[in-house]
Protein chains: 2
Amino acid sequence: MTERQAETEATPVGFVRLDSETLRGNVIRIFEALGLTSKDAATVAHALIEADLMGVSTHGVSNYILLLYAPFLQKGMTTATPNIKAVRESPTMALIDGDNGMGHVVATHAMQLAIKKAKATGIGIVSVRGSQHFGAAGVYAKMALEHDMIGVATTNADQLVVPLHGSESRFGTNPLAIAVPTDQEPPFHLDMATSTVPLGRIMLSLRAGEPLGPGWATDEAGRPTIDAEEGYRAKRLLPLGGSFDLGGHKGQGLAMVVDIVSGLLSGAGVLDQVSVDRGVGHFFAALSIEGLRDVDEFKTEMDHFVRAVVATPPAPDAEPVIYAGVKEARCRADRLAQGIPLHPDVIAGLEGLCKELGVDWRG
Amino acid sequence: MTERQAETEATPVGFVRLDSETLRGNVIRIFEALGLTSKDAATVAHALIEADLMGVSTHGVSNYILLLYAPFLQKGMTTATPNIKAVRESPTMALIDGDNGMGHVVATHAMQLAIKKAKATGIGIVSVRGSQHFGAAGVYAKMALEHDMIGVATTNADQLVVPLHGSESRFGTNPLAIAVPTDQEPPFHLDMATSTVPLGRIMLSLRAGEPLGPGWATDEAGRPTIDAEEGYRAKRLLPLGGSFDLGGHKGQGLAMVVDIVSGLLSGAGVLDQVSVDRGVGHFFAALSIEGLRDVDEFKTEMDHFVRAVVATPPAPDAEPVIYAGVKEARCRADRLAQGIPLHPDVIAGLEGLCKELGVDWRG
């Protein structure tokens, strides 16, 4: 499961289900009309639809097309046809400059390169600068799976997370995604923000009129708060753990690791050097299992491992035990069959954008 | 800082300070007498003294020499002069069989090999089976620093950590250590268990007659408990985060990643296949910064980054902001100058072992 908490199978009240392939066609037409090549438009659509299929709707078609991707392309803040190139390269590694292209396009290029290098040498490491918001990190990590590789993807982001004991944000929610192939069972697929919760979770509490969890956020002075309004206003999330006693220093450590590999190994920068406006840095790795173990043996052992985890007897009144990737796999099966649930406002917004761009919306 | 919480500079009440080089000599003589080569005895002493210098005393000379390392060597459960060999190897990767040698010797060999490979190809990955308890993971990660590399070290361990919602332990405390070089500032040095706290923290609460933190451990049925006695008896620690609301699924995900890379990429195994008795698996990586960035630029930017973090104004009444590695660096400076604090019982135990082995103890 991801911290963005893969949605369950039920269609949320008021939402409409749209067939994923129909939706994909709409998204491709939108990005073609915004100036991307057909290939790149398909890449962006793939990254967005994959996020929706996995249940990570915050990084699917609903939020950022209208808020970010379309206006940035229209204003020329994003390069529609970027010249993505390697600044430094060896058989195992590359530093890529994304020429300020769409994050999904740059990230897909970079992860493909990491996989290609891993095929040749066992391991591929690609760091990226000159890129933008790339959606769900998990989408890129899982590209490694069909190649019998372990995939890793990270990105840094706008400063929204305080260091432990601090009163100002220094890190992004800095997601870390790791995907590992299995044989018969759903692949292991961790996609986690290194903050306790993402900002979206604070917004949900605010809308629901509910208090925040005690380790989620601070007020503007850096004091932990459970007041949703105060937490949303301050935009100071706590690192995973939330307090020293619950390991918040570890969450801070992981947030810094993501900044270091995404921002400093790439030269994209950290702190106020990165933002949705200024661009961000990414890091990708692919590790070929064959370099260390027989692939079939490894995948069989992965099945045994995840089955043993899932078979753990639950505590009294607790939900069944699962592992990262189970909810995503269930959600994917449901949404492939039943369509992707979208709020009517989102559909109206996308239809409006289609009209503006002079392309068909198919519902 | 590490989850084992680097000790502060003050000498604990009743403890005696022993010069680190004098202590090193004692430890070398002990392991030589237990059958290790002089080189391997020096390697073990280095790993133990480094842990003590960093303030990770639980993995220094105090606990496991008497409890584990000496008796295992004396009973032949640990191979004193192991034939460590590569089972599978390429320019970037190796799978090492440690021949059931001391974890510190096998791990040092493996990390050195990862560094050697990274010098040649930019990145080195070494997975290890047939090894034993290796002490503090951070000791091996930080071997990368003097080579201007990022170091990673993990190990799996006895089942002590429940999956979220589960009633039985499935994972070890599975530490993850990552070290990153800086220029002038203390290096970034994260060494964290993927459980909220290690078992030692539960023991401390038990001894102090204090309740546990709410996300630390469960009772034998898997229900969260703050009763130290119950928590210690059950030996069911919670993954980092502790509950779903505080991101416990992320802690579980990280614990599984460590098991996967340490146990399944190596063939050492996971779950009940690994234990202090049966041996464990490790994973090491070294990444050459030069492969992606100019080293001096990177290290200067690391300095800027960690300075900005430390300069974050603290919340009202909060401790100053630090980052992983700051407490360790302070502790190291203090202990190099003032000696390593040891409880008189530990000194008596080690003196007794020396007498038994017919070697000098120098105090």
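What follows is calculated from the coordinates using simple rules that are stated; it is not laboratory data. Keep in mind that this is a model prediction, so the values were computed, not measured. Using ideal geometry, Cβ is built from the backbone for each residue, glycine included, and neighbour counts are taken over all protein chains shown.
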Lysines whose Cα lies under 16 Å from that of residue A:299, excluding same-chain neighbours fewer than 8 positions away: A:142
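With the Cα gyration tensor of segment B:75-198 giving a ≥ b ≥ c as the square roots of its eigenvalues, does the rule (a/c under 1.5 for rounded; else a/b larger than b/c for prolate; else oblate) give rounded, prolate or oblate? Numbers along the way, then the final one.
Details: a/c = 1.89, a/b = 1.14, b/c = 1.66.
The shape class here is oblate.
Would you mind ranking A:277, A:219 so that the residue whose beta carbon has the fewest other beta carbons within 10 Å leads the list?
Working: A:277 10, A:219 16.
So the residues, fewest neighbours to most, are A:277, A:219.
What is the order of A:270, A:306, fewest Cβ neighbours within 10 Å to most?
On the way: A:270 27, A:306 24.
With the sparsest Cβ surroundings first, the list reads A:306, A:270.
Of B:327/B:355; B:235/B:327; B:39/B:235; A:250/B:119; A:117/A:235; A:235/B:250, which ones are farther than 31 Å apart at the Cα? Numbers along the way, then the final one.
On the way: B:327/B:355 36 Å; B:235/B:327 28 Å; B:39/B:235 37 Å; A:250/B:119 29 Å; A:117/A:235 39 Å; A:235/B:250 22 Å.
Violating the 31 Å limit, Cα to Cα: B:327/B:355; B:39/B:235; A:117/A:235.
Counting other beta carbons within 10 Å of each residue's own, what order do A:38, B:275, A:127, B:288 fall into, fewest first? Intermediate values should be presented prior to the final figure.
Numbers: A:38 11, B:275 17, A:127 29, B:288 25.
Fewest to most other Cβ atoms nearby, the residues stand as A:38, B:275, B:288, A:127.
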Label-to-label distances across copies for residue A:345, with labels 7 Å out along Cα→Cβ, in nm, shortest first? 6.2
Between copies, how far does the label point of residue B:88 sit from its twins, in nm, shortest first, when each point is 7 Å from Cα along Cα→Cβ? 3.0
Could you tell me which of B:194, B:141, B:172 has its Cα farthest along the dipole of segment B:131-212 towards the positive end, charges placed at Cβ (Lys, Arg +1; Asp, Glu -1), taken about the Cα centre? B:172
Pick from A:91, A:181, A:341: which is most flexible by mean-square fluctuation in a GNM of chain A where alpha carbon atoms under 10 Å apart are linked? A:91
If labels are modelled 7 Å from Cα along the Cβ direction, residue A:276 lies from its partners in the other copies at nm distances, smallest first, of 5.2
Leaving out same-chain residues fewer than 8 places away, which aspartates and glutamates sit with a Cα under 16 Å from that of residue A:116? A:89, A:146, A:148, A:290
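Let's see if you can work this out: charge +1 on each Lys and Arg Cβ, -1 on each Asp and Glu Cβ, no other charges. What is the dipole magnitude of the protein assembly as shown about its Cα centre, in debye to the nearest 20?
Details: 62 positive and 86 negative charges, 192 e Å.
Using Cβ point charges on Lys, Arg, Asp and Glu, the protein assembly as shown gives about 920 debye.
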